[in-house]
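Inspection log for the structure reproduced underneath, given as structure tokens.
Computed from the coordinates by the stated procedures, all read-outs in this text should not be read as laboratory data. From a predicted model like this one, the values you see are computed outputs, not experimental measurements. Note that each Cβ is placed from the backbone with ideal geometry, even for glycine, and that neighbours are counted across all protein chains shown.
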């Protein structure tokens, strides 16, 4: 399997043009229907993190998960860890995900994901997940 | 079939100007709903197109990110 995503060009107020790694994953809603979500690929994030309202769409009772403390660049937060099926290019991965009670940038982190792929970043053009 | 992520990516600069900090629900190359509450955005799109796969794009804020 090889799945590539183009970098997303954005015009930030702080730095002007920046290129971001936006990928698409599949998740299942409370009725079992597939939906897709944009995620920022973050090799510095130990775990994938999603906002609680994404969990609500999925029918996950977020606060019944394992409460863990996580530290980011501006401090620490409690998030609730659940194991959920996450799909990349149609392939399913049982993935531990931390759900934050507040709205956060949804991030695709390393745990349970990166070990399955060779991930390459090609200049500011694209990034690819390969077996 | 047109790819919703590709549409999201290609139009992100314009989307930040209009929908900064919101979610957009996209099916193929059309924005079906938008708003800050992603569950409501998703439900609105599913109500309109119950058989379609909804893509939810999180439109970033205009500031650069350090994560």
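Please work out the FRET efficiency for the pair residue B:53 and residue A:91, using the Cβ-Cβ distance as r and a Förster radius of 25 Å; give the result to the nearest 0.05.
Working: r = 16 Å, r/R0 = 0.64.
For R0 = 25 Å, the calculated efficiency reads 0.95.
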Convex hull around the C-alpha positions of the range A:65-105: the volume in Å³ per residue is 86 Å³
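Would you calculate a helix-derived [θ] at 222 nm for the protein assembly as shown, using -39,500 (n - 2.57) for each DSSP H run of n ≥ 4 and dividing by the full residue count, to the nearest 500?
On the way: 4 runs with 33 residues, N = 198.
Helices in the protein assembly as shown give a 222 nm mean residue ellipticity of -4500 deg cm²/dmol.
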Simple SL model, points at 7 angstrom along Cα→Cβ for residue B:61 and residue B:40; separation in nm is 2.0 nm
Quotient of Cα radius of gyration and Kirkwood radius for the range A:1-49, i.e. Rg/Rh, equals 1.07
Using alpha carbon centers only, the range A:40-84 is separated from the range B:1-53 by a whole-angstrom value of 22 Å
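Just want to confirm a number: the relative contact order over chain B, from Cα pairs under 8 angstrom separated by 6+ residues, in percent. Write down the numbers at each step before the final one.
On the way: 97 pairs, mean separation 24.2, N = 67.
About 36 percent, as a whole number.
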So the compactness index of the range A:49-131, its C-alpha Rg divided by 2.2 N^0.38 Å, takes the value 1.20
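If you wrap a convex hull around the Cα atoms of the protein assembly as shown, how much volume per residue is inside, in Å³? Intermediate results must be reported in sequence, preceding the final value.
Details: hull volume 22.7 nm³, N = 198.
Cα convex hull per residue, to the nearest whole number: 115 Å³.
Assuming R0 = 35 Å, what is the FRET efficiency of residue A:14 and residue A:66, from their Cβ-Cβ distance, to the nearest 0.05? Write out the running numbers ahead of the final one.
Numbers: r = 35 Å, r/R0 = 1.00.
It comes out at approximately 0.50.
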Per the rule of 0.36 nm per residue minus the C-alpha distance, extending residue A:123 to residue A:78 adds in nm 12.7 nm
Sorted largest first, the Cα spans of the range A:22-94 on the principal axes come out in Å as 35, 27, 18
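Please list A:27-34, A:103-110 highest first by mean number of surrounding beta-carbon atoms within 10 Å per residue.
Details: A:27-34: 13.5, A:103-110: 19.9.
Answer by packing, highest mean first, reads A:103-110, A:27-34.
For chain B, build the convex hull from the C-alpha positions and give me its volume per residue in Å³. Present the calculation step by step, with values, prior to reporting the outcome.
Numbers: hull volume 5.9 nm³, N = 67.
Cα convex hull per residue, to the nearest whole number: 88 Å³.
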